[in-house]
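The values are calculated or read from the model by the stated rules, or taken from the named source; none is laboratory data. All values reported here derive from a predicted model rather than from experimental measurement. Here the Cβ positions follow ideal geometry from the backbone for every residue, glycine too, while neighbour counts run over all protein chains shown.
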Amino acid sequence: MELEVPILQTYVDGLDRVLGGGIPKGSTVLVAGTPGTMKTSLILWMMHENARAHGTKSLYVSLEQDMDSLKAGAARMGMGNLHESSVYILDMGQLRRGLHRAEGTKDWFTIIIEIVKEAVNSSGYQVLAIDSLEALYALSDLKTHRREMFHFLGSLKELGLTTFLIAETPFGSTRLAQWGEDFLADGILNLRQVEVGETEVQLRLRCVKMRWMNHDHNALALHHDGEKFFVSHVISKKK
Ligand SMILES: Nc1ncnc2c1ncn2[C@@H]1O[C@H](COP(=O)(O)OP(=O)(O)OP(=O)(O)O)[C@@H](O)[C@H]1O
Ligand SMILES: [Mg+2]
């Protein structure tokens, strides 16, 4: 670590060192990846472990998968006690139930900001995830995408949380984000599946950027052994 910035540890074995210590608190980090690259599981893991180690409270806004499905997946990955007092999962069902007042009159960007602001003030969340940006775009009727994205990220930033924005990258795409989120974010973690030889596929994680940190730019293999996440050099299978 070069600067004395407060750090959020990832609790992925080997990853904090690669990031130059971890993720600076208050950063907005884009987690971009193709389908099924453990974007959701990885962020829930960071939230789960920070709750366990430091009592950190997190809010996970899931615009696609419902809470039960997320919890079931998390339980299979060593997060059996994903309790709502530490990691609160807000899914579309809940959002819609609390929203008849707002829907139709406001756009979803404003709705999300208002809900998160309210939750932060009443419950003191320190970490936020929005899963996914594509789902948010699908709900919103944006006219000036890039400008609205700029305002949205600015409003999130003002809340002072460490924020993970999950972005779905289509297979084969070289673009990490659609509307300049990659330039606006403080950090980018990119996840993708890479074919190794004729039959094997390896999940790779790369820190594309992390402002204020002297991080490694190389790709690493990301694994989950049933209990925890860890990274390794790409050519070796085990740590
Ligand atoms: N121990 C494991 N090692 C490797 N992969 C695993 C392991 N356990 C589950 N998976 C895989 O992880 C993927 C699901 O993870 P997750 O839902 O977090 O991914 P995601 O990137 O959020 O997916 P989506 O694009 O659907 O949102 C599945 O494809 C599942 O097979
Ligand atoms: Mg997901």
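General observations
- Close pairs from the stretch 184-199: first at pLDDT below 90, partner basic (Lys, Arg) and surrounded by 20 or more Cβ atoms within 10 Å (Cβ to Cβ), Cβ under 7 Å, at least 6 apart: none
- Residue 141 being buried (at least 17 other Cβ atoms within 10 Å of the Cβ) and either within 16 Å of ligand 2 (Cβ to nearest atom) or of a type outside the set (S, T, N, Q) (or both): no
- Options 110, 105, 34: the member that is among the β-branched types (Val, Ile, Thr) and modelled with pLDDT of 95 or more: 34
- The set of residues from the stretch 13-49 being surrounded by fewer than 23 Cβ atoms within 10 Å (Cβ to Cβ) and within 14 Å of residue 204 (Cα to Cα) comprises 14, 18, 34, 35, 36, 37, 38.
- Within the stretch 57-88, the set of residues being under 22 Å from residue 156 (Cα atoms) and without any contact (Cβ under 8 Å) to a residue 12 or more places away in the chain comprises 84 only.
- Residues in the stretch 194-220 that are touching a Pro at 6+ places or on another chain (Cβ under 9 Å) and assigned to a strand (DSSP E or B): 210 alone.
- Taking the criterion of being away from ligand 1 (no atom under 16 Å from the Cβ), among the hydrophobic types (A, V, I, L, M, F, W, C) and outside any loop (DSSP other than H, G, I, E, B), the residues of the stretch 12-40 that qualify are 18, 23.
- Qualifying residue in the stretch 221-235 (condition: assigned to a strand (DSSP E or B), in contact with a His (Cβ under 7 Å, 6 or more places away or on another chain), more than 12 Å from ligand 1 (Cβ to nearest atom) and within 28 Å of residue 80 (Cβ to Cβ)): yes
- Only one of the listed residues (91, 131) is in contact (Cβ under 8 Å) with a residue 40 or more places away in the chain and within 27 Å of residue 36 (Cα to Cα). That residue is 131.
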